[in-house]
Structure formats: C-alpha cells, structure tokens
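Encoded as structure tokens, the structure appears first; notes follow it.
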Amino acid sequence: MNAAEPLRVSGARAPTAVAGALLVASAGLTAVAPVPVLLVAPILLGVPHLLGDLWVLFLRPAAARSVARWVGGPVVALLGLRLLSAVGVGYPPWLEILVGTAGVLLGAASTRSATRIGIAAVACAPAWVFASQAALLLGHVHNAVAVGLLILWGPRRFGIGVAVFSAAVYAALLGGAADGALTPFAGLAPTALAKALAPGIADPWAARLVTAFCFAQLVHYLCWIGLLPVLLRDTPGNPRPLSTALRADLGLPLLLLGVLGSIALPIAAAWDPARVRSTYLSIVVFHGWMELAVLAAWRRTPAGT
C-alpha cells in the first residue's frame with residue numbers, strides 16, 4: 001500500500017443501530033451516575049479495551065509489518081516505566097515524556113513526511129510545557145483518538161456521526177447538563193476525581209470536566225472494544241468471524257492473558273475498587289502515547305487492506 005494512499009476497510013459494516021443505542025446509553029449513564037461509571041468502567045472494560053487497542057493497532061498482520069517496527073520499542077519502554085512506577089520505583093517525569101515523544105515522532109517519520117513530523121512535534125509540545133500534568137493531558141486527549149481513527153478507517157458518514165454526537169454530548173456536559181450528578185460511590189469521592197482530572201480548576205468547571213471525561217472515556221471504550229475491531233476484522237479476501245480473527249492475530253497465550261486479566265481485575269476490585277481502578281489507570285498511561293504514535297503514522301497502517 002502506498003504511504004500516501006488513504007486506508008480502506010475491507011467490507012466490514014459498522015453495527016450502526018447497536019452503536020447508536022450504546023452511545024445514547026453512555027450519555028444517559030454519564031448524566032445520572034458519573035462516579036459509579038468512572039469507578040466501574042475501567043475495572044470491567046479496561047483490559048478488554050486494551051486487547052482491542054493492541055489488536056487493531058499492532059497485532060493484525062499488516063499493521064505489525066508497518067507500525068510496530070517503528071513505535072514498538074518506545075511503547076514497550078513506556079509500559080516498563082509504568083510498571084516500575086506501580087511498584088514504587090520513581091523516575092523523572094521528563095523521561096516518560098521523552099520516550100512517548102520519540103514514539104510519536106517515529107510514527108510520523110514512518111510516513112516519510114516532514115510536514116507530518118513537524119505536526120507531531122508540535123502536538124507533543126504541551127507535554128513538555130506542562131510536564132507535571134502530561135499524563136493528565138494525555139488522558140483527556142487520547143479519549144478522542146479512537147473516534148478519529150473511526151473516521152479515518154471506517155465508513156465516513158458513520159464515523160462523523162459518532163464524532164458529532166459525542167461532541168454535542170461533551171459540549172452539553174461542559175454546559176452544565178449533569179450539574180449535581182457527582183456523588184460519592186464505593187470509596188470514590190467527586191473531590192478526588194476533580195483533583196485528578198481537573199486540578200486547580202474551580203467548580204462548576206471542575207465537576208463538568210469530570211462528567212465530560214466520563215462520557216469521553218465510555219466512547220473510547222466503545223470504539224476499542226466494539227466498533228474498531230468489528231470494522232477491521234477482515235483480511236483481504238478472507239473475512240473471518242471476530243473471535244477467529246482475535247485468536248489468530250493475538251495468539252492464544254495473549255488472548256488467555258487478556259481473559260484472565262478481565263476476570264482478575266474485577267475480583268481484585270471487590271476488596272478496594274477505588275485503589276484497583278487507580279492502579280490500573282496508572283499502568284495503562286502508556287497506551288495513550290501508543291495511540292498517538294499510530295495516529296501519527298495512520299497512512300502506513302493498512303489495517304483493512
């Protein structure tokens with residue numbers, strides 16, 4: 001596939017009715033119960049969404065030949081840093097930003113486009129300017145990456161519809177549509193969420209950013225668990241059921257590890273859900289950089305051709 005040629009999806013159709021219903025349900029859940037959603041969604045959906053993320057971006061054969069060799073090293077290094085942090089080994093914030101930036105620039109470099117490299121460098125600049133809040137910025141921004149890839153890789157009208165609906169709900173939440181909905185749940189306090197997701201911002205804007213993040217995270221999970229894998233499940237001339245594609249491309253060991261993780265995380269959360277959620281989210285910061293790196297290289301990611 002030519003590096004300048006846009007990506008095409010090989011015949012898979014998006015389940016528009018189901019996706020629409022789930023988007024509406026996500027907006028409704030965010031409006032009435034944002035704190036329970038922010039607590040439970042990462043615990044139940046976090047590992048499955050990582051599997052979808054890895055499969056779509058790296059482990060399908062065509063993608064592995066193009067993107068993984070460019071950005072795989074920085075992604076593995078980022079995961080290593082996050083695991084070290086989880087066990088109490090500290091490192092300066094700039095080290096993670098440096099490795100993440102290297103991954104994004106390598107993704108852009110894979111296109112052989114000086115313009116793309118320049119855009120990637122500018123996109124990474126805020127992480128350096130606000131180094132102490134780089135992970136937070138990444139958390140907010142990366143929620144939109146899946147929708148961007150859906151537009152680039154899927155049926156254009158469907159992807160744009162998801163983006164428009166999501167943007168409208170996001171704007172409504174920022175406008176106060178869910179004011180008053182933040183109440184404590186199972187040890188997770190709205191004040192802690194506001195401190196983590198909107199530090200230094202006063203109410204009502206801090207609370208509104210928390211609810212907006214809640215909806216954006218749900219859409220992010222919906223895209224990686226359902227929409228993108230369904231859209232991109234086929235190989236040229238060889239359409240496969242999604243379960244067959246996942247097992248073939250992920251490999252049985254990684255698939256079983258994902259299944260075990262999907263079971264183990266909720267079990268561990270039964271004792272201290274807020275702590276398990278926090279630990280999980282801390283470790284998976286690496287995948288936000290991974291998504292940005294692949295987005296920078298999207299023309300060289302022939303996931304559907």
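General observations
- Region 145-257 holds helices (runs of 4 or more DSSP H) entirely within its bounds, and those carrying 2 or more residues that are surrounded by fewer than 18 Cβ atoms within 10 Å (Cβ to Cβ) and in contact with a helix residue (DSSP H, G or I) (Cβ under 7 Å, 6 or more places away or on another chain) map to 145-153, 156-174, 242-250.
- Residue check for Gly88: part of a loop (DSSP other than H, G, I, E, B) and at pLDDT 85 or above: yes
- The residues on offer are Leu193, Leu149, Leu173, Leu188, and the sole one that is of a type outside the set (D, E, K, R) and touching a Lys or Arg at 6+ places or on another chain (Cβ under 7 Å) is Leu173.
- Scanning region 59-84 for residues that are touching a residue at least 60 places away in the same chain (Cβ under 8 Å), in a helix (DSSP H, G or I) and within 18 Å of the chain's Cα centre (by Cα) turns up Leu59, Ala63, Val67, Val71, Pro74, Val75, Leu78, Leu79, Arg82.
- Qualifying residue in region 85-93 (condition: surrounded by 15 or more Cβ atoms within 10 Å (Cβ to Cβ), under 20 Å from the mean Cα position of the chain (by Cα) and within 30 Å of Ala207 (Cβ to Cβ)): no
- In region 258-283, the residues that are closer than 23 Å to Leu78 by Cα and crowded, with 19+ Cβ neighbours inside 10 Å: Gly258, Leu265, Val276, Arg277, Tyr280
- Checking every residue in region 20-40 against the condition of being farther than 30 Å from Pro184 by Cβ, at pLDDT below 95 and among the aliphatic types (A, V, I, L, M) gives zero matches.
- Region 1-19, residues that are out of contact with any helix residue (DSSP H, G or I) (no Cβ under 9 Å at 6 or more places or on another chain) and either assigned to a helix (DSSP H, G or I) or at pLDDT 95 or above (or both): Ala17
The values are calculated or read from the model by the stated rules, or taken from the named source; none is laboratory data. The model shown is predicted, which means the values in this text are computed figures rather than measured ones. We place every Cβ from the backbone using ideal geometry, glycine too, and count neighbours over all the protein chains shown.
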